[in-house]
Every structure is written in C-alpha cells, then in structure tokens.
1. Give the number of residues within segment 144-165 that are closer than 14 Å to residue 116 by Cα and of a type in the set (A, V, I, L, M, F, W, C).
2. Which residue out of 218, 246 is closer than 25 Å to residue 132 by Cβ, among the hydroxyl-bearing types (Ser, Thr, Tyr), open to solvent by less than 30 Å² (accessible area, probe 1.4 Å) and touching a Phe, Trp or Tyr at 6+ places or on another chain (Cβ under 8 Å)?
3. Name the residue, out of 159, 224, that is closer than 29 Å to residue 257 by Cβ and in a strand (DSSP E or B).
4. List every residue pair whose Cβ atoms sit under 7 Å apart, with the two residues 6 or more apart in sequence or on different chains, where the first one lies in segment 328-355 and is farther than 18 Å from residue 390 by Cβ and the second, anywhere, is among the hydroxyl-bearing types (Ser, Thr, Tyr) and modelled with pLDDT of 95 or more.
5. Of the numbered conditions (1) open to solvent by less than 10 Å² (accessible area, probe 1.4 Å); (2) on the phi > 0 side of the Ramachandran plot, residue 314 fails exactly one; give the number of that condition.
6. Working carefully through the options 186, 223, find the one that is buried (at least 23 other Cβ atoms within 10 Å of the Cβ) and at pLDDT 95 or above.
7. Listed residues 197, 259, 229; which is over 22 Å from residue 362 (Cα atoms) and part of a loop (DSSP other than H, G, I, E, B)?
8. Assigned to a loop (DSSP other than H, G, I, E, B), without any contact (Cβ under 8 Å) to a residue 40 or more places away in the chain and out of contact with any helix residue (DSSP H, G or I) (no Cβ under 6 Å at 6 or more places or on another chain): is that true of residue 237 in this structure?
Amino acid sequence: MRAPRRRAARPRLAAAALALAVTLAAAGCSGGAGLPGRGTPGSGPSGVKSPEASGTSGATAAPAKGSVKVVRTLTTKLTSPWGVAALPGGDLLVGSRDTGKIIRVAAKDGAQSEVGSVPGVAAAGEGGLLGLALSPGYATDHLLYAYFTTASDNRIAQLRYDEAKPDGLRLGAPNTIFQGIPKGQIHNGGRIAFGPDGMLYAGTGEGGERGRAQDPKSYGGKILRMTPDGRPAPGNPRPDSVIYSSGHRNVQGLAWDADRRLWASEFGQDTWDELNLVEPGGNYGWPVVEGKAGRPGYRDPVAQWKPSEASPSGLAYAKGSLWMAALRGERLWRIPLRGAVPAADPQPFLVGDYGRLRTVVAAGDGGLWLTTSNTDGRGKPGDADDRVLRLEVS
C-alpha cells in the first residue's frame, strides 16, 4: 500500500488555505471540536449543545410523507455520468466514468460543452472517473477535485479549471494529493465531498477483497477525512491517519444534515444495503456483519434495504430529509429526519420511471439535481439516456 504523496505547499494553494482558515474560525473548530458526525452528548459545533447520535434534536421533524416532482429534463445523451459538482451560478460539471471526460452542463438550457479529460483514468468495471467536488475556496483558486481509478490504484487529484480556455482544454494538469486507495473491478467507492468543517471526505470500497474493510493499514472499505492538500485532518481518530471510519463495503454517498451530522449510503452484499450515521472512529461491521446485527463493537445502520430495492449510490440532504439514489432499485428514497433518527419509514419515488439512478445533488433553492445511470453497462439505456433531471421536493 502506497502512502499519500506529500508535497511542499504550492502557491496556488494559498488562497484555498486562507479560505479554509476562515471556514474553521467561523465554525469554531479546534483540535477536533465540532467534527461533523461527532455524536458526543452535550457537545457540538461552536460549543452549541447538540443531540446524542442516537437521539433527536429540538428541531422540528420532517413530515412523514413528502413529494417529488420532475420539473424538467436538463440534458440528455450523457455517457456513464457519475460525479457532479455545481458551479457558482448554477451550471453543473458532470464526469463520465468510462471516458474520463468532464462536461459542463448549462443550468439555463442544458447545453453541453467539454471541459477536458482527466489524465491517467483507467476505466474498467466499476472504476474510472468517479466523484467530483469543488474546492471550498473555488471562487479564488478555481480548483476541482476528482477521485479516479488509475492502472494501479484509486486516487484524488486537484485540477485547475480555467473557463477562459477553449472547449476541451480547460483543465490543468492533475496534482495528486492522495493515492494508494485499493482498486478493483468492483467496489471502488469514489464519492468525495467537502464537509462543513472545510475538510475533504472520501468514501472508498474494499475493491472486492473483504479483509481490507477491517484492516487498519488499508484505505479500502473506509471513509477518509483529509485536509484540502491530502494530509490527515486535525481531530481525526488517529492524528497520523486519514482514516475516519472503517468496516465499510462500498461507500457511494456522503451528505451532512442541518446539524452537521455525516451520513453515508453503502452497498451491502446479498442481504442489506445501508444508510449509516458516521461517527469518527466508528466500525460499521463489514464483513463481520451486514445490516442491523446489534453486535458489540460494530455500529448498526440507521436504515436498511434489500438490495433489490436499493443498491444505493448518491446521497443529498434537502427539506429536512435525506435523499438516496438507487441503482438496482431504480428509485429515489426519501428518509425524513428527526434529529439523528428517521421521523418515519423511508418513502420511494420515481420507481422504475427513469431506470438506474446514480447521483443526487442539492440545489441552492431546496430542490435536487438527479442523474440516471443506464449507460453504465448494467442498465437498459433509452434514446435519451443518460440524463440530468431537475426535481422539486418536499
């Protein structure tokens, strides 16, 4: 296993570092205080009292029943879309898992323009160009982060996005900030997102080798938490490690609720897919347990589904609920929250209407962007696939 690459700070990171410092100061984060997902009773961001991880907050619970309306199809004929990042102003960057290309989709009319290709992507099986995320300091540093599979591993790199350059040539050379995440034909994880603490989180898979999920020396089957330049984030369970939680099979979605709790969606095997409330240092059981087992030393999921109804991918938070896209299940799940527990049973929408659903992203007005995933080799693509849908939700 290769260790993360460590480089001297580059000038182009100065703006990101300044933005991160402002973010942390505003959040009151110091020495791990206020970590997203930290369920310590009586503690929370900036010293505000927060609920226990297993309890409820004083916030009003989301209604038991919600609604979803597809208000428009933004764009069509995308190839194996996976990662999505929303630009300031509303346009979307959409990555193609199998081609390694990134496409800009105009929020106004769905027009597509090629941004460029990520060098070194070696797409095979479930691997390729996976998650995308914008730097917290994007307004000044214009950095795009990408998680992708190479010939030897999965890794995370920064790429500068220059809108002034011609179509297809807008991406700078990748600067690898972290490498050595195990790869495989299956279970490459791939979701990345910046948390409310300004740190970069990455969900990984065990690459088809179960033992990696419980191996503290492997980055497979974990959720990783790192600084924007790829170093272990302050307040991690081990100060010298990026590993934030373990015992995962294949993490596909990451999202934070209004109280800064971290949630993750995850593929099970034959019995249960999972929605987990992620605690620093938590062990989520794979491959020892799958689903709710009540076994000491392992954390049970908050909700679980049969794989035929889920095979979950992207995860987003909007209107007091978590929204989970399902691949094999071909539906969008709504999980209303009351603090750290569901306020009611999960509710399915769009069942079978658009085929496999991959990525769901919260929009600025409380709605959602949703991508289909029918050109990924396992779906049945129609003439318009794959597409990006705009949803109104409640």
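1. Summing the residues that are closer than 14 Å to residue 116 by Cα and of a type in the set (A, V, I, L, M, F, W, C) in segment 144-165 gives 4.
2. Numbers: 218 fails: touching a Phe, Trp or Tyr at 6+ places or on another chain (Cβ under 8 Å).
Result: 246 is the single residue among 218, 246 that is closer than 25 Å to residue 132 by Cβ, among the hydroxyl-bearing types (Ser, Thr, Tyr), open to solvent by less than 30 Å² (accessible area, probe 1.4 Å) and touching a Phe, Trp or Tyr at 6+ places or on another chain (Cβ under 8 Å).
3. Working: 159 fails: closer than 29 Å to residue 257 by Cβ.
One residue alone meets the criteria, 224.
4. 328/308; 328/311; 329/308; 329/311; 335/321; 336/321; 337/321
5. Unmet for residue 314, out of (1) open to solvent by less than 10 Å² (accessible area, probe 1.4 Å); (2) on the phi > 0 side of the Ramachandran plot: (2).
6. Values: 186 fails: buried (at least 23 other Cβ atoms within 10 Å of the Cβ).
Result of the check over 186, 223: 223.
7. On the way: 197 fails: over 22 Å from residue 362 (Cα atoms); 259 fails: over 22 Å from residue 362 (Cα atoms).
Selected residue: 229, the only one of 197, 259, 229 that is over 22 Å from residue 362 (Cα atoms) and part of a loop (DSSP other than H, G, I, E, B).
8. Working: assigned to a loop (DSSP other than H, G, I, E, B): yes; without any contact (Cβ under 8 Å) to a residue 40 or more places away in the chain: no; out of contact with any helix residue (DSSP H, G or I) (no Cβ under 6 Å at 6 or more places or on another chain): yes.
In short, no.
The values are calculated or read from the model by the stated rules, or taken from the named source; none is laboratory data. All figures in this text were calculated on a predicted structure; none of them were measured in a lab. FYI the Cβ positions are ideal-geometry reconstructions off the backbone, even for glycines, and counts take in every protein chain you see. For the accessible areas, the whole protein counts, side chains as well, though only heavy atoms, and no ligand, DNA or RNA atoms are used. Shrake-Rupley method; radii C 1.70, N 1.55, O 1.52, S 1.80 Å.
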